[in-house]
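The values are calculated or read from the model by the stated rules, or taken from the named source; none is laboratory data. Everything numeric here is computed off the predicted structure, so don't read it as measured data. Using ideal geometry, Cβ is built from the backbone for each residue, glycine included, and neighbour counts are taken over all protein chains shown. Keep in mind that these areas ignore ligands, DNA and RNA; they rest on the heavy atoms of the full protein, side chains included. Shrake-Rupley method; radii C 1.70, N 1.55, O 1.52, S 1.80 Å.
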Amino acid sequence: MKKLLSIILFSLLPVLSFAQSVKQEIDSVEIFIGCQAHLKVSVQAKKGQKVVMPVFKPSEYITPGVEVLSNGEEKTEELDNNTVETSREYTLTSFEDTLYYIPAVKVKVDGKDYQGSNLALKVITCEVDTLHPEMFFPPQDVQNPPFVLSEWTSIIYLGMVALLLFLLAIYFYKRLKENKPINFKFSFRKKLTPYEQAMKDITTLKNNGSSHSENQKDYYSALTDSLRNYIEARFGFNAKEMITSEIVEALQKQDKATMINELKQLFETADLVKFAKFEVPLNENDMNLANALQFVTSTKPEEKKEEDKKPKKSAEEKQMILWRRIYKALIVTLVLIGSALTVYCGWQLINLI
């Protein structure tokens, strides 16, 4: 019977030893007031046993006068013989100079309390020489930073814009030297002379059959408007704002004006149609149209001699000349704006420094 009890006792001895293996140590036995010390508590137990380390509340005292600042992180480490070590490091501090007794921290293993050894912590104060206060300096005033980012923001952004403008100017200068326009095409519309415009308008009325239209008011309005525009551009007086008699009188003073009577009859007929709802026979419409064409043709300005005319440039040549002018204008504009921004940024930088 005794032999059996001995066997059971020796089999339980490792478990009991593991459960009671609680170690409590501190990294420093002396600290200055307000400094920190670290208390490490570790326990070894068999795998599967539940270990509960103590957790202190914020600013809770482990002993009167010694405050627990933090509980630290709980760590586990596997050891030999199917054992596990659980540890936690507590941060302590104190603001009174004395010798403190640090009691053993209780650790629960499978619901039972175990504890390590007691410790001591001495808190000491700094000696202050009150007889020589000149040796101590008061805290310095708050110093202004060397620069504030907001003061440099505008300079940085404007500097970046200036750099971009210079890069664009270099890009356009290269394309100018290489005669490479940007891939945009311009359409050049030939400006018609007063004679060409009048002939175009009257020919359009003739071709679309407006002279045979029932709406004679629109027909005569378009015909007389075209003639008024031509007369104003050709003879230099404001025919658009004149009545028929004033136009005829002004034309009579022109040496090169012809077919004045026919033109007078055309304008008078147009006035009757527009304001008196007069009905004009179709053959008379055709005659008035022919008289308008004849008047424009007979008063056509003389063309310059061939030798006086400048050689006409092709559309490609005109487009290239236009591109070169655009490039030059862009380069000058970009360089001027970029230079102005650079000077402004330099001035602001000097003021900040």
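Under 5 Å between amide hydrogens, which residues at least 5 positions from residue 100 or on another chain qualify, with H placed 1.01 Å from N in the peptide plane?
Those qualifying (amide H under 5 Å, at least 5 residues apart or on another chain) are 121, 122, 123.
What is the Cα centroid distance between region 316-347 and region 218-280, reported in whole angstrom?
50
For each pair in 191/274; 23/46; 200/264; 206/318; 46/122, compute the distance between the two Cα atoms and list the pairs where it is over 27 Å.
191/274; 206/318; 46/122, as the Cα separations exceed 27 Å there.
Roughly speaking, what % of Cα-Cα pairs in region 20-128 are separated by over 18 Å, rounded to a whole number?
49
Under 18 Å from the 7 Å Cα→Cβ point of residue 124, by amide nitrogen: which residues of region 32-46?
In region 32-46, the label zone of residue 124 (backbone N under 18 Å from the point 7 Å along Cα→Cβ) covers 32-38.
How large, in percent, is the carbon and sulfur part of the accessible surface of region 38-141 at a probe radius of 1.4 Å?
51
With the other protein chains left in place, how much accessible area per residue, in square angstrom, belongs to region 192-299 at a 1.4 angstrom probe?
Here the per-residue accessible area is 55 Å².
In region 211-295, what trypsin sites (Lys or Arg not before Pro) fall in a loop by DSSP, with at most 11 other Cβ atoms inside 10 Å?
Values: sites: 217, 228, 234, 240, 253, 256, 264, 274, 277; in loops: 253, 256, 277.
Of the trypsin sites (Lys or Arg not before Pro), the ones in loops of region 211-295 whose Cβ has at most 11 other Cβ atoms within 10 Å are 253, 277.
log₁₀ I(q)/I(0) of region 53-97 at q = 0.15, 0.24, 0.26 Å⁻¹, via Debye over equal Cα point scatterers, no solvent, to two decimals?
Computed log10 I(q)/I(0) values: -0.48, -0.80, -0.88.
Within region 81-103, which residues have the backbone N less than 15 Å from the label spot 7 Å out from residue 32 along Cα→beta-carbon, could you tell me?
Hits in region 81-103 for residue 32 at 15 Å: 94-97.
What share of all Cα pairs of region 196-295, in percent, falls into each consecutive 5 Å distance bin?
Bin by bin from 0 Å, the calculated values are 2, 13, 26, 26, 19, 10, 3, 0.
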